[in-house]
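*Asks:* Got a structure for you, written out below as C-alpha cells; questions coming shortly.
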Amino acid sequence: MINMENLLEMQGMMFLMVLIGMFLTKRGMITPGARKSLTDITINLLIPCNMLAAFLQADHGMMGQMIQVMLVSLVIQIGQYILSKVLFRKEEEGKRSVMRYGTMVSNAGFLGNPMVEGMYGSDGLLLASVFLVPVRLFYWTVGLACFAPVDKKRVVKNALTHPCIVSVLLGLLYMFFPVPLPSFLTRTITGFSSAMTPVTMLLIGAILAEVDLRTIVCRETLEMSVLRLAVLPGLVLLGVKLSGVPRLIASVSVILMAMPVATTTAILAARYERDYQFATKTVVLTTILSLVTIPVWSLIVEYVL
C-alpha cells in the first residue's frame with residue numbers, strides 16, 4: 001500500500017528540484033550544451049545503474065512476475081502502435097509525426113523509474129525496468145520510423161547495444177547466476193543510481209525554462225495531454241483490472257503509462273526537421289500537467305486495484 005504522506009513528500013521534492021533546474025537555467029548555469037551532456041549522462045549511465053541496482057536488490061523469486069510484466073508491456077506497446085496509426089490522420093505531417101511518437105513513447109524511463117521506486121520500492125523498480133524493455137525496443141524501431149525511414153540492421157544493433165537494454169540483460173544474468181560482487185562495484189552502481197532522480201528533475205526544469213509557457217496551450221497539445229495523461233493510463237487500468245494481472249504489476253504498468261510525452265520527442269523532431277516547436281510545447285505541457293495527474297493516478301490505482 002502506498003503511503004500517501006510519503007508520496008506527497010516525494011512529489012514536493014521533485015517539484016522543488018524542477019524549480020531549481022528552471023532557476024539554474026535562467027541564470028545560465030545550465031546551458032543548452034550542459035543540458036545535452038547531462039541528458040547523455042543520465043540515459044547512458046544513471047538510468048542503467050538505477051536498473052542494475054534494482055536487480056542487485058531483487059528477490060530472486062520474482063522471475064515469474066518479470067515475465068508477466070514483460071508480456072503486459074508488449075501488449076500495451078502494440079496497442080499504442082495501433083492507436084497511433086489510426087489517430088491523427090487529418091493532422092499535417094509535421095504534427096502527425098510528433099503525435100504518433102508521443103502516443104507510443106512516454107517519459108517512463110526518465111521520470112517513471114524514480115516515481116515507481118518511491119511508491120513501490122526496489123521490487124517496483126525492478127518490474128519497471130523490465131516493463132521498459134519493449135518500450136525501448138519500440139523507441140528504436142517503429143518510434144524512429146515516425147520521423148524518417150530507418151535502416152533495419154542498424155536499428156536492431158542500436159537497440160541491443162543501448163545501455164538500458166544492456167543493463168537489463170546483465171541484471172537478468174545476475175538473477176540466474178547470482179555471484180558475490182565486490183563491494184566497491186555495488187557501491188559504485190548504487191551511488192550513480194541515487195543520483196538519477198535529482199539529475200532528471202534538473203533536466204526537466206531546464207526544458208521547462210526554455211519555453212514560453214504562455215504559448216504551450218493549443219488544440220493539439222491539449223489533445224495529446226488528454227490522451228497521454230488520461231486516456232492511455234485509463235485503458236491500461238481497465239485492461240489489467242479485467243485480466244486479473246497481479247496488483248504490483250498492474251500498479252506499475254498504470255503509473256508508467258501515466259507519464260508525460262518523452263523528451264526525446266522534441267529532440268527527434270528537431271533532428272528530422274519536423275515540427276520541433278510543437279513537439280517541445282507538447283513535452284512541456286504534459287510534463288507540467290503530470291505533476292498533478294500522477295498523484296491522482298496513484299490514488300486511483302490504490303483504491304481500484
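*Asks:* Within the stretch 85-100, count every residue that is open to solvent by 10 Å² or more (accessible area, probe 1.4 Å), in contact with a Ser or Thr (Cβ under 8 Å, 6 or more places away or on another chain) and assigned to a helix (DSSP H, G or I).
*Replies:* Within the stretch 85-100, residues that are open to solvent by 10 Å² or more (accessible area, probe 1.4 Å), in contact with a Ser or Thr (Cβ under 8 Å, 6 or more places away or on another chain) and assigned to a helix (DSSP H, G or I) number 1.
*Asks:* Can you pull out every residue in the stretch 212-222 that is touching a residue at least 24 places away in the same chain (Cβ under 8 Å) and surrounded by fewer than 16 Cβ atoms within 10 Å (Cβ to Cβ)?
*Replies:* Of everything in the stretch 212-222, those that are touching a residue at least 24 places away in the same chain (Cβ under 8 Å) and surrounded by fewer than 16 Cβ atoms within 10 Å (Cβ to Cβ) turn out to be LEU213, THR215, VAL217, CYS218, LEU222.
*Asks:* How do the pairs read when you match residues in the stretch 183-211 that are touching a residue at least 12 places away in the same chain (Cβ under 8 Å) with residues anywhere that are among the small types (Gly, Ala, Ser) and in a helix (DSSP H, G or I), using Cβ under 6 Å and keeping only pairs 6 or more apart or on different chains?
*Replies:* Matching pairs, first to second residue: ILE189/ALA53; THR190/ALA53; SER193/ALA53; LEU202/GLY21; GLY205/GLY21; ALA206/GLY21.
*Asks:* While we're on this one: Name the one entry in ILE78, ILE82, ILE41, ILE67 that is within 17 Å of LEU111 (Cβ to Cβ), at pLDDT 85 or above, among the β-branched types (Val, Ile, Thr) and surrounded by fewer than 19 Cβ atoms within 10 Å (Cβ to Cβ).
*Replies:* ILE41
*Asks:* So, in the stretch 281-304, exactly how many residues are β-branched (Val, Ile, Thr) and open to solvent by less than 20 Å² (accessible area, probe 1.4 Å)?
*Replies:* 7
*Asks:* More than 18 Å from the chain's Cα centre (by Cα) and without any contact (Cβ under 8 Å) to a residue 12 or more places away in the chain - does that describe any residue in the stretch 247-259?
*Replies:* no
*Asks:* Here is a follow-up. Step by step: first the residues of the stretch 261-289, then only those that are without any contact (Cβ under 8 Å) to a residue 60 or more places away in the chain and in contact with a helix residue (DSSP H, G or I) (Cβ under 7 Å, 6 or more places away or on another chain), then the one that is nearest to ARG136 (Cα to Cα). Which residue is that?
*Replies:* Of the stretch 261-289, the ones without any contact (Cβ under 8 Å) to a residue 60 or more places away in the chain are 266-267, 270, 273, 276-277.
Then keep just the ones that are in contact with a helix residue (DSSP H, G or I) (Cβ under 7 Å, 6 or more places away or on another chain); that gives 266, 270, 276.
On the way: ALA266: 17, ALA270: 20, TYR276: 22 Å.
The extreme case among them is ALA266.
*Asks:* Kindly establish whether ASN107 is of a type outside the set (A, V, I, L, M), crowded, with 19+ Cβ neighbours inside 10 Å and under 30 Å from PRO180 (Cα atoms).
*Replies:* no
*Asks:* Out of (1) over 18 Å from ASN113 (Cα atoms); (2) in contact with a Gly (Cβ under 9 Å, 6 or more places away or on another chain); (3) open to solvent by less than 10 Å² (accessible area, probe 1.4 Å), the odd one out for MET259 is which?
*Replies:* Tallying (1) over 18 Å from ASN113 (Cα atoms); (2) in contact with a Gly (Cβ under 9 Å, 6 or more places away or on another chain); (3) open to solvent by less than 10 Å² (accessible area, probe 1.4 Å), MET259 fails exactly one: (1).
The values are calculated or read from the model by the stated rules, or taken from the named source; none is laboratory data. The shown structure was predicted, so the numbers you read here are calculated from the model rather than taken from an experiment. When we count neighbours, we look across all protein chains shown, and the Cβ atoms used for this are built from the backbone with ideal geometry, even at glycine. Side chains are part of the model used for accessible areas, which takes the heavy atoms of the whole protein and leaves out ligands, DNA and RNA. Shrake-Rupley method; radii C 1.70, N 1.55, O 1.52, S 1.80 Å.
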